[in-house]
Amino acid sequence: MSHVADETASQPDCWRRAMSLTPAGLPLPGERVAVVGCGTSLYMAQAYAVLREEAGLGETDAFAASEYPARRPYDRVLAITRSGTTTEVLDALARARAAGIATTALTGDLDTPITGAADTVVDLSFADEKSVVQTRFATTALVLLRTHLGLTPADLPEQGELALAAELPEGAAAAGQFTFLGAGWTVGLANEAALKVREASSSWAESYPGMEYRHGPISVSGPGSVVWSFGEPPAGLPEQVRATGAAFEAGVLDPLAELVRAQRLAVALAEGRGLDPDQPRNLTRSVVLAGS
């Protein structure tokens, strides 16, 4: 079994542990917060930012760490970084601290520069991973943040276990093109699902807000395509997708549990193509830039 398959399967247990944590340094109600990350961590940041704002707990923006606007007057910068070594994340935290902004980091490795880069560091090393491809660290970080907002269903780990046993979308293993759709906080999850499929299997995968799909992306759908909605799809969209000849999947589990199914699909596609899902082409565990 690949590392990523094993780590995907361990997510419900990691989520249970995250749901029991009450770490210091997470955003307080009313704080104006910027959440930064790279790759998968950015997409978890996008999901959390929408959840927090919709809960009325304060203005929350998500940025790729390299795009963090240091001149904006935030109360806190929250970084999500599995490796604790990513250059852009460390730079964003340094700019925030120079501006007198409180900083917090969620990480999977305390033995890294992140421990000196943030005012508060939350230890999620129990969810760290061996695979280059992120699964359980990212979802565990989001479960922790979602729980802090009071928005994690009590049965989420059980839903994760259902996702591990559920069938994958019919025909997905033989498909050549994938489109993932979301709305609100699940746009970030759709972005992450597409990234997983691209990384692990080198497949053509895209992601969009569900209502944007008809504004161009529907033109690439057809026989051999799968369109997968995280949450309730826009009215009439399933019928329009099927009319193109594409398969349509609407998740019925919690969207984070549905992401587990998409992770499983990514691994299945990679294995079906003779690829190593732990070692995607041209990728490393962390991007550390020369001279940083």
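The values are calculated or read from the model by the stated rules, or taken from the named source; none is laboratory data. Remember, it's a predicted structure, so these values are computed and weren't measured experimentally. No Cβ is skipped: glycine too gets one built from the backbone with ideal geometry, and neighbour counts run over all protein chains shown. Accessible surface areas use protein heavy atoms only, side chains included; no ligands, DNA or RNA. Shrake-Rupley method; radii C 1.70, N 1.55, O 1.52, S 1.80 Å.
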Show me the helices (runs of 4 or more DSSP H) entirely contained within region 1-66 in which 1 or more residues are under 15 Å from LEU124 (Cβ atoms) and open to solvent by 30 Å² or more (accessible area, probe 1.4 Å).
11-19
The number of residues in region 233-247 that are surrounded by fewer than 21 Cβ atoms within 10 Å (Cβ to Cβ) and not in a loop (DSSP other than H, G, I, E, B) is 7
Candidate set from region 248-268 (those that are part of a loop (DSSP other than H, G, I, E, B) and among the aliphatic types (A, V, I, L, M)); member that is least open to solvent (accessible area, probe 1.4 Å)
LEU253
Modelled with pLDDT under 95 and at negative phi: does that describe GLY251?
yes
So, in region 2-36, exactly how many residues are without any contact (Cβ under 8 Å) to a residue 60 or more places away in the chain and on the phi > 0 side of the Ramachandran plot?
1
Scan region 173-200 and report the pairs whose first residue is without any contact (Cβ under 8 Å) to a residue 40 or more places away in the chain and whose second residue is of a type in the set (Gly, Ala, Ser), with Cβ atoms within less than 7 Å and a gap of 6+ or a chain change.
ALA194/ALA205; ALA194/SER207; ARG198/ALA205
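Residue-wise test of (1) touching a strand residue (DSSP E or B) at 6+ places or on another chain (Cβ under 8 Å); (2) open to solvent by 10 Å² or more (accessible area, probe 1.4 Å); (3) assigned to a helix (DSSP H, G or I).
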residue	(1), (2), (3)
LEU181	yes, no, no
ALA190	yes, no, yes
ALA193	yes, no, yes
ARG198	yes, yes, yes
SER207	yes, yes, no
MET211	no, yes, yes
ILE218	no, yes, yes
PRO223	no, yes, no
GLY231	yes, yes, no
Can you name the residue in region 113-131 that is open to solvent by 20 Å² or more (accessible area, probe 1.4 Å) and part of a loop (DSSP other than H, G, I, E, B) and, of all such residues, is modelled with the lowest pLDDT?
LYS130
Count of residues meeting criterion [of a type in the set (Val, Ile, Thr) and touching a residue at least 40 places away in the same chain (Cβ under 8 Å)] in region 110-120:
1
Please list, ordered by first then second residue, the pairs with beta carbon atoms under 7 Å, 6 or more apart or interchain, first in region 269-292 and open to solvent by 70 Å² or more (accessible area, probe 1.4 Å) and at pLDDT below 85, second part of a loop (DSSP other than H, G, I, E, B) and of a type in the set (Gly, Ala, Ser).
ARG281/SER202; ARG285/SER83
Please verify whether ALA99 is over 20 Å from the mean Cα position of the chain (by Cα), touching a residue at least 12 places away in the same chain (Cβ under 8 Å) and more than 26 Å from ARG17 (Cα to Cα), treating the condition exactly as stated.
yes
Residues that are farther than 23 Å from PRO153 by Cα and either without any contact (Cβ under 8 Å) to a residue 24 or more places away in the chain or assigned to a helix (DSSP H, G or I) (or both): does region 80-87 have at least one?
yes
Assess whether ARG76 counts as being without any contact (Cβ under 8 Å) to a residue 60 or more places away in the chain, open to solvent by 10 Å² or more (accessible area, probe 1.4 Å) and in contact with a Ser or Thr (Cβ under 6 Å, 6 or more places away or on another chain).
no
Using beta carbons and a limit of 8 Å, which pairs, at least six apart or on different chains, have the first residue in region 125-149 and closer than 17 Å to ASN191 by Cβ and the second one modelled with pLDDT under 95 and of a type in the set (Gly, Ala, Ser)?
VAL133/ALA200
Restricting to region 68-81, give me the number of residues that are within 17 Å of LEU26 (Cα to Cα) and of a type outside the set (Phe, Trp, Tyr).
7
